[in-house]
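Some notes on the structure that comes next.
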Amino acid sequence: MNNTKIIDKLKQIIKEKGLKYTKQREVIFETILNCEKHLSAEDIYNLIIQKYPDEKIGIATVYRALAFLEESNLISSISLDKNTRKFETNFKEHHDHLICTKCNKIVEFVSDKIEKEQEKIAKENNFKLLNHTMYLYGICEECSKK
Ligand SMILES: [Zn+2]
Ligand SMILES: [Zn+2]
């Protein structure tokens, strides 16, 4: 799905919920869509003030928009510690995550073996698998050298 179509989904959801359309939500969503990495609210805020200096978006608006986008199933977040959450779009190809608990680095991976094994386990338990999220927590190479 291209970004224009994905943004149309956001517009449709806003309409269905009877909310007023604001450019700000779109700008925030677009920033997440255009970034390969997982972003914190501060990262998103900093990218926006660089790219759209005229929008005058405050950090509180970013937080509210992120809550709305997550509620609407357009983005998801990973809690890294009490103060850090990172967001990514739900329109990326499926992948799982390795998370460093020291520096909050996130590495994405896909393993056919794990995917197949999960299908097998679901089948054995008579589950129709709809989706899954996997976060493996640990210490990355750089942090383990410190
Ligand atoms: Zn690390
Ligand atoms: Zn990811």
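Just so you know, all these numbers are worked out from the coordinates, no wet-lab data involved. Quick caveat: nothing in here was measured; it's all calculated off a predicted structure. Note that we place each Cβ from the backbone using ideal geometry, even for glycine, and neighbour counts take in every protein chain shown.
For M1, M134, what ranking results if the residue with the fewest other Cβ atoms within 10 Å of its Cβ goes first?
Taking fewest neighbouring Cβ atoms as first place, the list is M1, M134.
Counting other beta carbons within 10 Å of each residue's own, what order do F109, F29, F91 fall into, fewest first?
F109, F91, F29
Sequence-distant or interchain residues sharing an amide H contact under 5 Å with L80, placed H: which?
Amide H neighbours of L80, under 5 Å, 5+ apart: R85, K86.
Along the positive direction of the dipole of the chain (beta-carbon charges: Lys, Arg +1; Asp, Glu -1; about the Cα centre), which of S111, F29, A60 reaches farthest?
A60
Rounded to the nearest 20 debye, what is the charge dipole size of the chain about its Cα centre when +1 sits on each Lys and Arg Cβ and -1 on each Asp and Glu Cβ?
Dipole magnitude for the chain comes out near 380 debye.
If the reach is capped at under 16 angstrom between alpha carbons, list the aspartates and glutamates near K120, excluding any in the same chain fewer than eight residues apart.
Filter leaves D112.
Taking Rh as the Kirkwood radius, which is the inverse of the mean 1/r over Cα pairs, what is the Rg/Rh value for the chain?
Across the chain, the Cα-based Rg/Rh ratio is 1.02.
Per residue of segment 114-121, in order, report the coupling 6.51 cos²θ - 1.76 cosθ + 1.60 (Karplus, θ = phi - 60°) as ³J(HN,Hα) in whole Hz, putting x for Gly and Pro.
Per-residue couplings from phi come out as 5, 4, 5, 4, 5, 4, 5, 4 Hz.
Can you pull the semi-axes for segment 93-146, root of five times each eigenvalue of the Cα gyration tensor, sorted largest first, whole Å?
With the √(5λ) rule applied to segment 93-146, the semi-axes are 29, 10, 9 Å.
Output ³J(HN,Hα) for segment 81-95: one whole-Hz value per residue in order, computed from phi by the Karplus curve 6.51 cos²θ - 1.76 cosθ + 1.60 with θ = phi - 60°, and x for Gly and Pro.
Result, ordered by residue: 7, 3, 9, 10, 10, 10, 10, 9, 6, 7, 9, 7, 4, 4, 7 Hz.
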